[in-house]
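Structure first, commentary second.
The values are calculated or read from the model by the stated rules, or taken from the named source; none is laboratory data. What you see is a predicted model, and the numbers here were worked out from it, not measured in a lab. Note: ideal-geometry Cβ built from the backbone for every residue, glycine included; neighbour counts use all protein chains shown.
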Amino acid sequence: MPGHPTPAEVTALRVWHCKYKSLGSLATFTNLRTLVIATYPDADLTPLNGLSQLEYLSVMHMPKVSDLDPLGQLHKLKTIRLSTLPSWDSSGKKTIVHSLAPLTGLPHLAHLELFGVLPEDGKLNALENCQSLESIRVSKYKKSEIERFYRSTGLPNSFAPLPGVDAWS
């Protein structure tokens, strides 16, 4: 991804199906609050490590990512939306991550969407410890697991809010 002359001034960024080989330069956007990515090219989420002001993260299509640990360092996150490509829906393809546990330490995480992004065990139970969650919506999990989770937590099955960036509407 090309550099920006004043990355510290950027608070919202959308990277939409660009053919960048890496998003490593994201770390220079230290005041980023909103980040929306479609087609994440890197094998891990470490390029997000320096985004300590990030409140809203949406990543669609991160086929090489298997570890959500770097997200656990982004303590201001309020909304996370992780998904596979819509074209993967009919084929049943999923993105498998080691664990959802890194998300449970995010003190302000209120809204979560996991569409086709599942932990290795296919369970949502790690998220039962996420006290700040207000809504969660998932797909590609077993129906019995989804029902169990909603019964156990009482959380609504509702979509996360949109980014709220006026220029993107």
Return a yes/no flag: does segment 56-65 have any residue that is in contact with a Lys or Arg (Cβ under 8 Å, 6 or more places away or on another chain) and of a type outside the set (A, V, I, L, M, F, W, C). yes
When restricted to 122, 116, the only residue of a type outside the set (A, V, I, L, M), at pLDDT 95 or above, surrounded by 19 or more Cβ atoms within 10 Å (Cβ to Cβ) and touching a helix residue (DSSP H, G or I) at 6+ places or on another chain (Cβ under 8 Å) is 116
Does segment 89-96 contain at least one residue that is of a type outside the set (Asp, Glu), over 16 Å from the mean Cα position of the chain (by Cα), closer than 27 Å to residue 157 by Cβ and part of a loop (DSSP other than H, G, I, E, B)? yes
If residue 81 satisfies all but one of (1) charged (D, E, K, R); (2) crowded, with 16+ Cβ neighbours inside 10 Å; (3) without any contact (Cβ under 8 Å) to a residue 60 or more places away in the chain, what's the number of the condition it fails? (3)
Please specify each residue of segment 11-27 satisfying the condition of being over 13 Å from residue 70 (Cβ atoms), surrounded by fewer than 17 Cβ atoms within 10 Å (Cβ to Cβ) and either touching a helix residue (DSSP H, G or I) at 6+ places or on another chain (Cβ under 9 Å) or in contact (Cβ under 8 Å) with a residue 60 or more places away in the chain (or both). 14, 22, 25
Which of the following residues is part of a helix (DSSP H, G or I) and under 28 Å from residue 49 (Cβ atoms): 163, 102? 102
So, in segment 35-70, of the ones that are in contact with a helix residue (DSSP H, G or I) (Cβ under 6 Å, 6 or more places away or on another chain) and assigned to a loop (DSSP other than H, G, I, E, B), which residue ends up surrounded by the most Cβ atoms within 10 Å (Cβ to Cβ)? 45
Being closer than 18 Å to residue 71 by Cα, of a type in the set (Gly, Ala, Ser) and at pLDDT below 95 narrows it down to one of 92, 105, so name that one. 105
